[in-house]
1. Express the relative contact order of the stretch 47-140 as a whole percentage, based on alpha carbon pairs under 8 Å and six or more residues apart in sequence.
2. Which of the pairs Lys111/Lys141; Lys153/Lys260; Lys72/Lys153 have their Cα atoms more than 29 Å apart in this structure?
3. Give me log10 I(q)/I(0) at q = 0.10, 0.11, 0.13 Å⁻¹ for the stretch 175-276, Debye formula, one equal scatterer per alpha-carbon, no solvent.
4. Mind checking the dipole of the stretch 52-100: about its Cα centre, +1 per Lys or Arg Cβ, -1 per Asp or Glu Cβ, Debye to the nearest 20?
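Coordinate-derived values only; no laboratory data. The shown structure was predicted, so the numbers you read here are calculated from the model rather than taken from an experiment. Neighbour counts are summed over all protein chains in view; Cβ atoms, including those assigned to glycine, are modelled from backbone coordinates with ideal geometry.
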Amino acid sequence: MLLVMSSPVDPDGEPAGPFTASPGFLSAAPAAGDNSDMAEPLHVLVVEDEKSVRDPLVQYLSRNGCRTSQAKDAQDARRQLMGQVFDLVLLDIMMPGEDGFSLCRHIREAKDIPVILLTAKGEETDRIVGLEIGADDYVVKPFNPRELLARIKGIVRRTRATPSRQKLSESVDLAFGTWTLRTGERHLVSDDGVVVPLSSVEFTLLMVLIERPRMVLSREQLLDMTRGRSAVLFDRSIDNQISRLRKKIEADPKNPAYIKTVWGGGYSFATDVQPR
């Protein structure tokens, strides 16, 4: 259960403090923002079992230019995800039945939709788990609705700017150069049979690269697509992750054949990938 906190109102009429589900929140908070910086209204799916939180949040987003749909549980959300197109999912972690972590994994496996987790827990381990399973960001309740809206817009902008990926199944082997990536086992096998294990971060980073062959990806894009922007708080830099991966797949890591550095741009996977 969320302990609702009242929120003062700033001079512009927006709530200045954490999100509140009290009736006064909506009446005292006329819409001040819009989606004028977006080509079209964002369609956001709010998945939250607490009606007292879900309804005011949906109304706030709607009043600030977003199209909104709502789901009271994971089953309802799965049904809507099958029939509609969304720009982002706001997903509560603690729900009866299937929890938000499980639904987030499903979304990550099936669709390229960014996910922000809503949680009443502030423990670092919960945040790390959320990022590890593919969430783009997390917000701890109670939260400031203006900050949440800013995060939504920022994540959608970065997602739309990211090159689209090839739809490569993680149930098939993928061949490039002298290597075969066995996605089921999450390890590499060389042409002469040498098995090279990959960490979870290395596997995710390699998949992001090989799904976008010959495309230049910035460090920020790679961070977003691998672990979410907040991962910088917990992980080493993308450069260090690239360096570790190169040591495993390149004959000469200082003169890489697969993962090329694009000066001033980022990195590019410089060879084609074929299912095997």
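1. Rounded, it is 24 percent for the stretch 47-140.
2. Numbers: Lys111/Lys141 26 Å; Lys153/Lys260 31 Å; Lys72/Lys153 23 Å.
The answer is Lys153/Lys260.
3. Rounded to two decimals, the profile gives -0.25, -0.30, -0.43.
4. Numbers: 6 positive and 7 negative charges, 48 e Å.
Here the stretch 52-100 has a charge dipole of around 240 debye.
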